[in-house]
Amino acid sequence: MWVAPNLITLVGLIINLCTVLILSAYCYTASESAPSWVYFQAALGLFLYQTLDAIDGKQARRTGSSSPLGELFDHGCDSVSQVFVTLNVCYAMTLGAVPNGVFLISIISVIMFFAAHWSTYCTGQLRFSKFDVTEAQWMVISVLLFTAIFGAPMWSAEIIFGFQLRYIVVSVSLIISIIQIGGYLKTILSGGVGKNGSTVAGTSVLFPLFPLLMIILPFAMIYGKSNSSVYDDHITLFVLCFGAVGSKTTNRLVIAHMSKSELPLWDWIYLAPLALMLNQYYNYPFNEYHLLIGCTVYAYISLLIFCTYAMTRCDRRRGRT
């Protein structure tokens, strides 16, 4: 009865982080194979996170401690965990051996998560479909367990018409994701609950498109135009940097929905991808790998400062009421 709901969520996130770090130590480029127990512990870590994430809401209602802070903390942890879940499935299916495979899955994952909250920003309600976060997490757990039992090379086996098993699974997943994103877009373009079909903040329903493009386009250009293999050799680091930018931008969208305020077009975390882009534009005055490390560290510091500030403000506001 005494355990704080946010503590439950945080413990789940830490468990998920630790298990992913162990897996990344064996599969840094997402093209290596790891021992079976490593995939098992990653599956267990994701299962525990999923379970604890479901329990925290019940604990909040049980203790009467439901608050905007709890909602923000929950969504914030989900946005960070989404990066870990993406890496999990890429490691398990050795998608680093597939050209652009890891980055493609990362883009789809970020777009889906952002689009869900974009839809909420328009309608004022977070809606769940038949195939949503929980189902996606169970799918990733199944992939991890499959790899633990049969081994990572099994994903390279040719199953139907010479297509590898991983291509079939990824293709089905992409189709489901596109349908899901299409549903969100249909909701968004149908108009919001605000005046004249605007968002809860009274802004255009298309307004959040710019922050989404600020997540996707710079990283796509960086990855596609690099003259070296640094981003493939350090795909884990690249996805972590990409995920941090996506996480902070989505959290800003969550706060905009909760406070019914306008979504800021600019955020200082965008300096990370912009620095990587400018380095390419000026013919690499800085080592790409070293700059990637610096930008990733900067992105997570920016995310941490933002989350700390936002939660402190929520806590103070709750204290006044």
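Points to keep in mind about this one:
- Total residues in segment 216-256, condition of a type in the set (S, T, N, Q) and assigned to a helix (DSSP H, G or I): 5
- In summary, helices (runs of 4 or more DSSP H) completely within segment 8-124 and bearing 2 or more residues that are over 21 Å from residue 247 (Cα atoms) and more than 18 Å from the chain's Cα centre (by Cα) occur at 36-63.
- Among the residues making up segment 184-215, those that are at pLDDT below 90 and either among the charged types (D, E, K, R) or in a helix (DSSP H, G or I) (or both) are 195, 196, 197.
The rows are residues; the columns are (1) modelled with pLDDT of 90 or more; (2) surrounded by 22 or more Cβ atoms within 10 Å (Cβ to Cβ); (3) touching an Asp or Glu at 6+ places or on another chain (Cβ under 8 Å).
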{"site": "111", "(1), (2), (3)": "yes, no, no"}
{"site": "119", "(1), (2), (3)": "yes, yes, no"}
{"site": "122", "(1), (2), (3)": "yes, yes, no"}
{"site": "126", "(1), (2), (3)": "no, no, no"}
{"site": "130", "(1), (2), (3)": "no, no, no"}
{"site": "134", "(1), (2), (3)": "no, no, no"}
{"site": "141", "(1), (2), (3)": "yes, no, no"}
{"site": "144", "(1), (2), (3)": "yes, yes, no"}
{"site": "147", "(1), (2), (3)": "yes, yes, no"}
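- Sub-6 Å Cβ pairs linking a first residue in segment 140-158 that is in contact (Cβ under 8 Å) with a residue 12 or more places away in the chain to a second residue that is in a helix (DSSP H, G or I) and polar (S, T, N, Q), at least 6 apart or interchain, are 140/88; 148/36, ordered by first then second residue.
The values are calculated or read from the model by the stated rules, or taken from the named source; none is laboratory data. Here the structure is a predicted model, which is why all the values come from computation and not from measurement. For neighbour counting, all protein chains shown are included, and Cβ atoms are generated from backbone atoms with ideal geometry for every residue, glycine included.
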